[in-house]
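The structure appears right after this line, and notes come after that.
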Protein chains: 2
Amino acid sequence: MPPGTRSISSKYRPGALFSFFGIVPQKIASHPPIKASRLSLGATPITTTQPAIGTPPTSEVAEWLEIFADALTRNDAEAAANCFHEDSYWRDLVAFTWNIKTLEGRDQICHMLQACNAATAPTGWQIEGDPTTTDGVADAWLTFTTNVGRGKGRLRLRDGKAWQLFTALQELTGHEEKQGFTRDMGVGHGAHKDRITWLQRRQREQATLGYTTQPYVLIIGGGQGGIGLAARLRRLNVPSIVVERNQDAGDSWRNRYDSLTLHDPVWFDHMPYIPFPDHWPVYTPKDQMGDWLEMYVKIMELNYWTSTECTHAEYDAAANTWRVDLVRDGQPLTVRPTHIVLATGMSGSPNIPNIPGAETFAGDIMHSSKFRTGAPYIGKHAIVLGSNNSGHDICHDLWEHDADTVTMVQRSHTTVARSGGGNRAAVGNYSEAAVAAGITTELADLMTVSEISALAPIARKKATDDARAANADFYARLEASGFLLDFGEDETGIGMKYARRGSGYYIDVGASELVINGDIKLRTRVTIERITPQTVVLTDGTELPADLIVYATGYGNMVQWAEQLISKEVADRVGKVWGLGSNTQYDPGPWEGELRNMWKPTNQPNLWFHGGNLAESRNYSKYLALQLKARLEHIPTPVYGIPPGHQLD
Amino acid sequence: MPPGTRSISSKYRPGALFSFFGIVPQKIASHPPIKASRLSLGATPITTTQPAIGTPPTSEVAEWLEIFADALTRNDAEAAANCFHEDSYWRDLVAFTWNIKTLEGRDQICHMLQACNAATAPTGWQIEGDPTTTDGVADAWLTFTTNVGRGKGRLRLRDGKAWQLFTALQELTGHEEKQGFTRDMGVGHGAHKDRITWLQRRQREQATLGYTTQPYVLIIGGGQGGIGLAARLRRLNVPSIVVERNQDAGDSWRNRYDSLTLHDPVWFDHMPYIPFPDHWPVYTPKDQMGDWLEMYVKIMELNYWTSTECTHAEYDAAANTWRVDLVRDGQPLTVRPTHIVLATGMSGSPNIPNIPGAETFAGDIMHSSKFRTGAPYIGKHAIVLGSNNSGHDICHDLWEHDADTVTMVQRSHTTVARSGGGNRAAVGNYSEAAVAAGITTELADLMTVSEISALAPIARKKATDDARAANADFYARLEASGFLLDFGEDETGIGMKYARRGSGYYIDVGASELVINGDIKLRTRVTIERITPQTVVLTDGTELPADLIVYATGYGNMVQWAEQLISKEVADRVGKVWGLGSNTQYDPGPWEGELRNMWKPTNQPNLWFHGGNLAESRNYSKYLALQLKARLEHIPTPVYGIPPGHQLD
């Protein structure tokens, strides 16, 4: 049996997609320089920590591949499924299923192939690079073609049968992005009476798209998610508009609190196509990120409408298009895109608790999303309700700005991870060491999405255990301060909390020491019961003086945007967005094994959800863009296995 | 004797630095993929077209290097010079000479070493990558260190003695650019009461630099040259300001004629640090280039003052600083930088001929620098004086906009080169094929500057001969139209004309066919004698109706800017800028073998000239920035061999 797949208690049905916190146990530091021929996407991953023994993996893989390919060609689903272990996984990104789907076990694989293989017609399976063997598992990158495009794959083979297969469409034949050898000339040499300059073309597009011509895709929300997707659609020639409420691209970062920097290091955070230059800081300050996005929108020639609000969207099922009401620069306007993508951030509306007496408070009271700086609160008493990232960052900022007292009200347990900090190589395939070893962002991305969600907790548990051991003194001091520390129900740490519920943790960049030494005062296992003009009263009866109250209480689910912009009926049909169905707190089952409704078809035709952190937005925007491009080109896209919408509590 | 070095008639003392038009006869198309270990800067250049025979080049090179290094260590200039052939070359970029200098022959080499070697104290000579042998010449990349920094070198060895040596400082020890593993963190983890955000730091710098603190370098002119240099200085922590007359960065391109695109393909045109994305067109339209530069200025955090004019500069020799009078947004202001760099474009003021009757002309009359579009001249008669790039482009544009007649007045012979066009791989180390082979822009740049100016005409003559043969029909038709075609005095073509005089050619993107078929009318061996309200009268007596007259008559020398901004005395001391001293038309001797006054110390302390096309600006800005950084850090920079200023005609 593959390690720990079905042996985990069904109560904690595990899953996560994220190599973010070092989840993928790939070692690169000691690896010798890899050769140029291995730098391409299909390169051998640098996972080889033990030399192969016995059968060279290449012939083992080739043998398997021949049998598997032959079964697919004969459309014999059962024979193809028999190439897999009983306990096995196949993750497909829109190559076979036109969905983002993990099939678990031979039966599910067989069922999918019966439904999808004939239409996919995969051929030309090739091994790319040299397979490796680790702990008895042969690991090979593959290429293949379908009847509509070219794909990449990854096979993990044990004892002659597949343990894991990964397949991902990479480009649509005849609709490839123009780049490198196929880039545009930029000028029509020769003499042409009807010459149109680049500027004229841009100006015409800006004057007509959304007015006399309709975008194929409307992206609602112009943060990094909407911007990156729009860039991919631009390269695929899919007419698109991004609408953004703010005045300038990048304002979604600029408008956050002053001291904010990205919590993820730079190697995760590249946008598609234009990487940050190599002096870019490890943790990008928010205003610098704002400038980068503003530049990016311009350079990628996006149709990006600032100061534009979406007020309502309605699907016309007969016409298969949306009617979307906008207000652009104060002027109402209706557009009729075929698809809409909600890229409104993976959170819904701010959660604002309804606390008696709040209306009588004499000081400032705000949700964390409105907090900008602690500067006005020198010598004041501040109460922060909540103990996740925003709660900690805001307490940190208030203390640095000399608030008299800063009190964090912690209602429930929180996972604390220590930030990469000085350890710049500690983040797997996204690190300076990986860059030095020739691992491009594109390759690291492919490695990341080739991992199986159901297997993630194994690695995460080990990584969490290691981090706890390495930081034992820190965690002991933090708990001694009274802080309610946890590492998740199954002790799989921050990565799993992120995938399951998108919150419940703090990446420590300095506030934990302030908690430990008492500079940030802690009140635990309580919440605010009521508010008076000058104080808050906690549920244990304590009364604390207060000039500022910040609700660092998080956000609702992303599907709230669908309810607000479209209708409750559509929101209900789509169901919850994000989470894996791990049956842990805030992530109830049933198990889906993929993030619900993200980057893939939903139960509402032509409605899509896009987002995640910068790395996920970059990575999955590729597959969302391919899905949209295929539809624009009327390529058949039969979707396999959309689960019913999962209702919110 | 090395091929053709001293055998060329001294009348045409040759020289050019530019691989731009395929000057470097390196073949890459048929080369097998190179290995990652050869991708670094010191990689073996991909010049090997013949396998090595006899002595393996590595041991031959190693042997030479040992003797040479030993002589340098003993400071025995004569012994070191004896490692060279009598006819030999040493090009140094600020490693030994703190100058950009080519020494020709053993005597000059010996003299330089006597002056410079002790202070340079070079050590640690190493071969980088595998040397190759072509036509009996062993070719090796080297690394070495000096007492202040790290250098790269290239050795070409024949029969055991050096034919060519190239040495170039790459970085100053202890003052390296922070990048990759040494990049900034971007956030100070931990709790700090005095935390300053990125935005606050930027705002403080913008508020103080040039007002309460002084820049070390003031760059006058904010086109691609000034911008790229400022970016390098930013990475080296040299406080700098760029002043630019226009309202926005990029306007120097936007304000040109509508149909303009870069004449150089994209692989030449990258700015330092942030390459264009891979969909960027082969020939960048001017407005797109404007947007790129505007973005670049912001992202590289340059102190870039728009709407700022420099009115006067004066050197205070006692204080070793400049007093520079500026008008910024209409407000006068004086700054006191230690150095000023003129990055005003490699041209001086527009040449405007003084033609009798011009003041009586009823139509529009303008220099090419003011021409924007042919659109207003539908059905009109246009006369363009001049037959170089601008002249052709403007005729082309007028014809496309349906001018009734377009007449080009050609006063003298012009070289026409066919643009790379569809042949995307035809530009040597800067091409898609080079990218695919792993040749980075940085490596291509180093290959380019390692070439010896005096040897360039050999390769250029051959390349020109080849191009003439390949396009024989085109050239025959062009000459049959009456066009005065040449390939330079010594038939070395466009590359040499560029280096010698910076003009005298057209890169054909379509206008030549219009000349051939008569759509552009040609008047040759004449100029405009006088102008009447509705006509021009040529020197052969012909009178042509005219609604528009464009002077595509070029520009004066760059040193005019020094005269205008500083004084005639300083301009005279500095002398002519650009040109090699090849003793050809517009490039009189004496031979210098390097472009006069460009990117290196001049006869006016603390005054520098920077510019060239995008590739040269990028390439040489590195060495100019190192010279400025060394001075900022009070590293001794004894300059060897500044020639006397070469006076203008």
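A short reminder: the numbers here are calculations on the coordinates, not readings from a lab. Fair warning: this is a prediction, and the values are worked out from it, not measured in the lab. FYI the Cβ positions are ideal-geometry reconstructions off the backbone, even for glycines, and counts take in every protein chain you see.
At a glance:
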| read-out | value |
| --- | --- |
| Ascending list, in nanometres, of distances separating the A:A318 label from those of the other copies (7 Å, Cα toward Cβ) | 9.0 |
| Other-copy label distances relative to A:L333, 7 angstrom Cα-Cβ extension, nm | 3.6 |
| Cα gyration tensor shape for the protein assembly as shown, rounded if a/c is under 1.5, else prolate or oblate | prolate |
| Unit charges on C-beta of K, R, D, E only; dipole of chain B, Debye | 1140 |
| Cβ-based charge dipole, chain A, positive-most Cα from A:I439, A:T261, A:N429 | A:I439 |
| Proxy reagent accessibility, fewest Cβ within 10 Å first, across A:L209, B:L155 | A:L209, B:L155 |
| Size of electric dipole in the protein assembly as shown: Cβ of Lys, Arg +1 and of Asp, Glu -1, about Cα centre, debye, nearest 20 | 40 |
| Label spacing, shortest first and in nm, from B:K568 to its equivalents in the remaining copies (7 angstrom along Cα→Cβ) | 8.8 |
| DSSP H segments from chain B that extend 24 Å or more along their own axis, Cα-based, with Kyte-Doolittle mean of -0.5 or above | B:614-632 |
| Amide H within-cut-off set for B:Y555, under 5 Å, with H built and near neighbours excluded | B:N351 |
| ³J(HN,Hα) computed for each position of the range B:598-613 - Karplus, 6.51 cos²θ - 1.76 cosθ + 1.60, integer Hz, glycine/proline x | 8, 6, 8, x, 10, 6, 10, x, 6, 10, 10, 10, 9, x, x, 6 |
| Theoretical ellipticity at 222 nm over chain B - DSSP helices of four or more residues, -39500 (n - 2.57) apiece, nearest 500 | -8000 deg cm²/dmol |
| Likely footprinting exposure, B:S252, B:S59, fewest C-beta neighbours within 10 Å first | B:S59, B:S252 |
| FRET efficiency for B:A362 and B:S307, using Cβ-Cβ distance with R0 set to 45 Å, rounded to 0.05 | 0.85 |
| Förster-model FRET efficiency, 51 Å R0, A:A375 and A:D316, C-beta, rounded to 0.05 | 0.55 |
| 3J(HN,Hα) from dihedral phi, the range B:367-377, Karplus parametrisation 6.51/-1.76/1.60, rounded to Hz, x for glycine, proline | 6, 4, 5, 9, 6, 10, 7, x, 3, x, 10 |
| Pairs from B:K193/B:K298; A:K497/A:K576; B:K370/B:K629 whose Cα-Cα separation, in the structure shown, is over 27 Å | B:K193/B:K298; B:K370/B:K629 |
| Distant-in-sequence amide H partners of B:V536 (H built 1.01 Å from N, under 5 Å) | B:L544, B:A546 |
| Dipole of chain B, positive direction: furthest Cα of B:G153, B:W141, B:F181, with charges on the beta-carbon | B:F181 |
| Sorted by Cβ neighbour density within 10 Å, fewest at the top, the residues A:S349, B:S369 | A:S349, B:S369 |
| Vicinal HN-Hα couplings computed from phi for the range A:335-340 (Karplus, 6.51 cos²θ - 1.76 cosθ + 1.60; Hz; Gly/Pro x) | 10, 10, x, 6, 10, 10 |
| Average silhouette area of the range A:221-300, convex hull of alpha-carbon atoms, in square nanometres | 5.2 |
| Student exercise, the range A:166-237 dipole from Lys, Arg, Asp, Glu Cβ charges, in Debye to nearest 20 | 260 |
| Amide H partners (placed H, <5 Å) of B:H367, local residues excluded | B:Y551 |
